[in-house]
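Inspection log for the structure reproduced underneath, given as structure tokens.
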Amino acid sequence: MIFRSPNFNERDPNVALSLIVLHYTGMKTAKDALTRLCDPKTPVSTHYVIDEDGTTWPLVDEDKRAWHAGESFWKGERDINSASIGIELVNPGHEFGYRSFPSSQINGLISLLHDIVHRRPIDPLTGLLAHSDIAPCRKQDPGELFPWEDLARQKLGLWPSLIEDDDVLLDDVSVAAKLAFLGYDTADLTATLQAFQRRFVSNHITGRAERETCARLNALTRQLRHK
């Protein structure tokens, strides 16, 4: 079966393609999601959809600007649709029965990511983001069950490597500064901390900078500074 979405436009030539944004579909079935993403009456789309069995549907050409990010921000950029390639993973999401992502789906994603970063000027470590990273007040996908650490083992995305010096509590000013250094919008610090925790401290999504969150934030900023 072939699905193609008519929902796209031209990328802003002044915005560099530097990111890949991961989502979950948040709908009951793959068919529901594909139908919506390809509906010309619905102003949403993505470049790729990956089903739970690993089947991958390309819906929008990578050269075009798909409409997946919505109102978003990363490192000063607000036109994330122009700056990114969007990938949706079939998963009912928190509204319809959020569940783990099968290995077949993650393997398909890893293959696709390696292919994209081989062809595109996207840093595989710093250019891979969650929808919740770029829109922490609105979104929580792909969510706390997504295996970010497994991807990092494939050199896809960052993962904190802790040392003793990282175990330092931070005040809110320091937390906000370090989150901003990573790329986050810190206008709502609680929401942004939850987005960070959803990705890096998934057992503690509180929006408060407790010890483990601070340690991992310290580790990531240290790793980026030495990258």
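Please treat every number below as a calculation from the coordinates, not as lab data. What you are looking at is a predicted structure, and each value in this text was computed from that prediction instead of being measured. Please note: Cβ atoms are built from the backbone with ideal geometry, for glycine as well, and neighbour counts cover all protein chains shown.
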So if I take the centroid of the Cα atoms in region 40-70 and the same for region 121-181, what is the distance between those two points in Å?
23 Å
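If you count, for each residue, the other Cβ atoms within 10 Å and average over each peptide, how do 59-68, 5-14 line up from highest to lowest?
Numbers: 59-68: 19.0, 5-14: 14.1.
Per-residue Cβ counts within 10 Å, averaged per peptide and sorted highest first, yield 59-68, 5-14.
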When you count, for each residue, the other Cβ atoms within 10 Å and take the mean per peptide, how do 216-223, 20-27 rank with the highest first?
20-27, 216-223
Return a single number: how many Lys pairs in the chain, at a sequence separation of 8 or more or on separate chains, have alpha-carbon atoms below 26 angstrom apart.
18
Please report the relative contact order for the chain, taking Cα pairs under 8 Å with a sequence separation of at least 6, and give it as a percent rounded to a whole number.
20 percent
Cα point-scatterer Debye curve for the chain, base-10 log of I(q)/I(0) at q = 0.14, 0.17 Å⁻¹
-0.85, -1.26
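Ignoring everything except DSSP H segments at least 4 long, calculate the 222 nm mean residue ellipticity for the chain; use -39,500 (n - 2.57) per segment, divide by total residues, nearest 500. Write down the numbers at each step before the final one.
Working: 9 runs with 81 residues, N = 227.
The per-residue figure over the chain is -10000 deg cm²/dmol.
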